[in-house]
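Novice: The structure's right below; bear with me while I get my questions together.
Quick note: the coordinates plus some simple rules give every number you see, no bench work behind them. Every value quoted in this text rests on a predicted model; they were computed, and no experiment measured them. Please note: Cβ atoms are built from the backbone with ideal geometry, for glycine as well, and neighbour counts cover all protein chains shown.
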Amino acid sequence: MHHAKLIDSLTYPETANTHKLLFGIAAFAGILSIVGLFTDTEQFFFSYLTSFVFIASIALGCLFFVMIHYITRSEYGVTLRRIPETYASNIIYIAVLFIPILFGMQYLYPWTDEVLLANDQLIADKTPYLNTTFFIIRNIIYFAVWSFLGYKLFKNATTLDETGDWGIDTAQRKISAPGLFIFGFTVAFASFDWLMSLDPAWFSTMFGVYLFAMSFQVFFAVVILTVLYLRSKGLLTNTIKNVHLKDIALLFFGFTVFYAYIAFGQYFLIYYANFPKSILWYYDRLAEGYGTIAWMLLIGKFVIPFLVMLPAAAKSNMKIVGSMAVLIIALHFVEIYWIVMPLLHKGDVSLHWLDFAILISLSALFLGLFFNKFRKHNMVSNNDPKLQASLSKH
Amino acid sequence: MSTKEKNTFGILAEFKNPGHLMKAAKLTNKAGFKKFDCYSPFPIHGMDDAMGLKPSKLGYIVMGHGLFGFLGGLALQIWTSTIAYPINISGKPFLNLPAFVPVTFELTILLSAFGAVFGMFFLNNMPRHHNPLFNSERFKKVTDDGFFVVIESGDPLYNEERTRKFLEDAGAVHLELIEE
């Protein structure tokens, strides 16, 4: 057994301007989008919600991974844990990005409409839960919990970098165990609030797991692409090795199957029961252009990645895994679009420039925040008790 | 030494430590022996490469079984519900593919698991109640501190004297002829 040493530089090159470029793109696309806010207000809020859920779900997937990593005391991910840790620590900014949605509630959520409530007893009965005040309180709780977890885990980990106090590793586990428990509930209820209540007549008890399955699948894709980006810049090439990426690719493959299981499970139960109150949601989403998207999701998010990554050799070929990661990230956005947009454009898909402008703006901001933080700290947790074991992995 | 009425199984060579064993495995592989194996009390990283072992064929066996489960499960349901005994279930079509998914999925998993377990048994020549190596007193050390290479007599390159010499040169500290 050989003992690998940490030979790469752990500091992100100071001359790199990745974050500035990304912030520039975010600002430019953001200003364009604000024009859209005044010209197509309703479209703006629907597009905003779509892109918001896109970046929030990625950050939540990262947070979940970091906590799982700590409570399982895993070794394989130590060299790359700083990446999801950094993404998750930015949930505090995502909380700020949620504020515009509160101003668009009357466009997004029909249960805020008094006239509708007066005429629809079924929805009126849900108002003890679905009302503006409680909605805001709930979202404050979600973001308080996630921001705390993301920030605290990151803060502790960077303190460990400096002090080398291994007691912090135990503290991380003590945060992660209850953190995961609360995470499960908050993500489920957030999915009900953000997406399911867009159509207040409809419900699916699986919806929380569905959003989680989507988030965790896309998380692996994002981490793989981030590592490949760092590699292309010649960073951490001897620290995050192919063995580490192969483990992530295996989990990526596994959670692709998990996603398909949950997404199909939800569809299957509703399809087979065939109750008008629940089937209508799918009825809208299988009509015309939305039906094409549904097939695209089935084939692109499950069949293709499953068949392509099935051979053992494919999972260690980073060109193959990387291209599957791109496919999954793109289709993750498409899937959120497919969940949200049939409520605005009933009947058929109608793309709007705001969909893209806001997507570019929020994604660039999300990545800019990541690189801005990532360059200020060590790129690898250099004092982690399990770093040596992780480096020696083969 | 060897009694003529019994067949020899092979030559058992003991090595001092994992490093020597690894070296011997490399040499044996390089010399062109095919029917040989290494035994140690614990797994040694890199041994597969040293011995020149090819990746296991188990994956293909599992794949075959999985495909059989997938197609078989689908065919069974299509045949029963459209040809053999079509029943109208709340007005749904007879050929109702989404409804066939759970059974197809489960059969794919079940047969893949059978393929993995029984394929492993098959590839390892199991169940096998006795191995000639257990005739050797010395081989019992393999669960404690013994590192062994066995070259079987079935190997085309096997020649008792030359193989013995070869293993001695490879650094064996003890040699023993194993009988069937």
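Novice: Could you compute how fast segment B:5-70 diffuses translationally, taking Rh as the Kirkwood radius over C-alpha pairs and applying Stokes-Einstein at 4 °C with viscosity 1.567 mPa s? Give it in µm² per second.
Specialist: Stokes-Einstein gives a translational diffusion coefficient of 90 µm²/s.
Novice: By a straight-distance test (C-alpha under 18 Å), which lysines pair with B:K140 as possible cross-link partners, with residues fewer than eight away in the same chain excluded?
Specialist: B:K16
Novice: With labels modelled as points extended 7 Å from the Cα through the Cβ direction, what inter-label distance (nm, one decimal) is found for A:F38 paired with B:E161?
Specialist: 10.3 nm
Novice: Starting from the Kirkwood radius over alpha-carbon pairs of chain B, derive D by Stokes-Einstein at 37 °C in a medium of 0.692 mPa s and give it in µm² s⁻¹.
Specialist: 164 µm²/s
Novice: Quick one: which of A:K174/A:K233; A:K5/A:K155; A:K346/A:K373; A:K20/A:K174; A:K20/A:K241 span more than 31 angstrom between C-alpha atoms?
Specialist: A:K174/A:K233; A:K346/A:K373; A:K20/A:K174
Novice: Where does helix A:18-39 land angle-wise versus the long Cα axis of chain A, in degrees 0 to 90, nearest 10?
Specialist: 10 degrees
Novice: In addition: Quote to one decimal, in nm, the extra length available between A:S350 and A:Y272 on full extension: 0.36 nm per residue of separation minus the C-alpha distance between them.
Specialist: The A:S350-A:Y272 span can extend by a further 25.1 nm.
Novice: Could you let me know the centre-to-centre spacing of segment A:139-158 and segment A:1-33, using Cα atoms, in angstrom?
Specialist: Comparing the Cα centres of segment A:139-158 and segment A:1-33, I get a distance of 22 Å.
Novice: Would you mind ranking A:T50, A:T15 by Cβ crowding within 10 Å, fewest neighbours first?
Specialist: By the 10 Å Cβ count, ascending: A:T15, A:T50.
Novice: Right, next: Per DSSP helix of 4 or more residues, -39500 (n - 2.57); summed, then divided by the residues of chain B. What does that give at 222 nm, rounded to the nearest 500?
Specialist: Calculated mean residue ellipticity at 222 nm is -14000 deg cm²/dmol.
Novice: Test of understanding: extend the Cα→C-beta vector of B:T143 to 7 Å, then name every residue of segment B:19-60 with backbone N under 15 Å from that spot.
Specialist: Backbone N within reach: B:40-42.
Novice: If you don't mind, there's one more thing I want to ask. Exposure proxy check: A:M341, A:M309 ranked by fewest other beta carbons within 10 Å?
Specialist: A:M309, A:M341
Novice: Quick one: helix A:288-298 against the long Cα principal axis of chain A, what's the angle to the nearest 10°, folded into 0 to 90?
Specialist: Between helix and principal axis, roughly 30 degrees.
Novice: Moving on. If you average the alpha carbon positions of segment B:1-76 and of segment A:69-85, how far apart do those two centres end up, in angstrom?
Specialist: So the separation of the two Cα centres works out to 34 Å.
Novice: Answer with one residue from A:L102, A:V145, A:A190: the one whose Cα lies farthest towards the positive end of the charge dipole of chain A, charges on Cβ with Lys, Arg +1 and Asp, Glu -1.
Specialist: A:V145
Novice: Using θ = phi - 60° and the Karplus curve 6.51 cos²θ - 1.76 cosθ + 1.60, what whole-Hz ³J(HN,Hα) does each residue of segment A:175-183 get, with Gly and Pro shown as x?
Specialist: Per-residue couplings from phi come out as 7, 5, 5, x, x, 5, 4, 6, 4 Hz.
Novice: Follow-up. What FRET efficiency comes out for the pair A:K20/B:N7, r = Cβ-Cβ distance, R0 = 51 Å, nearest 0.05?
Specialist: 0.05
Novice: Scanning chain B for helices, which whole DSSP H stretches are 24 Å or more long along the axis (Cα) and average -0.5 or more by Kyte-Doolittle?
Specialist: Both cut-offs are met by B:58-78, B:97-123.
Novice: While we're here: So which residue, out of A:L228, A:L269, A:L250, gets the largest mean-square fluctuation from a GNM of chain A using Cα contacts under 10 Å as springs?
Specialist: Of the options given, A:L269 has the highest mean-square fluctuation.
Novice: Kirkwood Rh, Cα Rg: Rg to Rh for segment A:18-391?
Specialist: 0.97
Novice: So if we plug the beta-carbon distance of A:F181 and B:D169 into 1/(1 + (r/R0)^6) with R0 = 60 Å, what FRET efficiency do we get, rounded to 0.05?
Specialist: 0.45
Novice: In nanometres, what is the gap between the two model label sites at A:A313 and A:K5, each 7 Å from Cα along Cα-to-Cβ?
Specialist: Result for the modelled spin labels: 3.6 nm.
Novice: Another question, if that's okay. Taking the Cα centroid of segment A:115-133 and of segment B:88-162, what is the distance between the two, rounded to the nearest whole Å?
Specialist: 60 Å
Novice: In deg cm²/dmol, rounded to 500, what helix-only [θ] at 222 nm does chain A give when every DSSP H run of at least 4 residues adds -39500 (n - 2.57) and the total is split over its residues?
Specialist: -24000 deg cm²/dmol
Novice: Further, regarding this structure: Using a 7 Å offset from the Cα along the Cα-to-Cβ direction at both B:K54 and B:L97, what is the distance between the two label points in nm, to one decimal?
Specialist: Roughly 3.7 nm, to one decimal.
Novice: Compute the acute angle (0 to 90°) between the alpha-carbon long axis of helix A:91-103 and the principal axis of greatest extent of the alpha-carbon atoms of chain A; round to the nearest 10°.
Specialist: 10 degrees
Novice: How do A:T159, A:T86 rank when sorted from fewest to most other Cβ atoms within 10 Å of their own Cβ?
Specialist: The fewest-first ordering by Cβ neighbours comes to A:T159, A:T86.
Novice: Defining a contact as two alpha carbons under 8 Å apart and six or more residues distant in sequence, what relative contact order in percent does segment B:58-123 show?
Specialist: This gives 58 percent for segment B:58-123.
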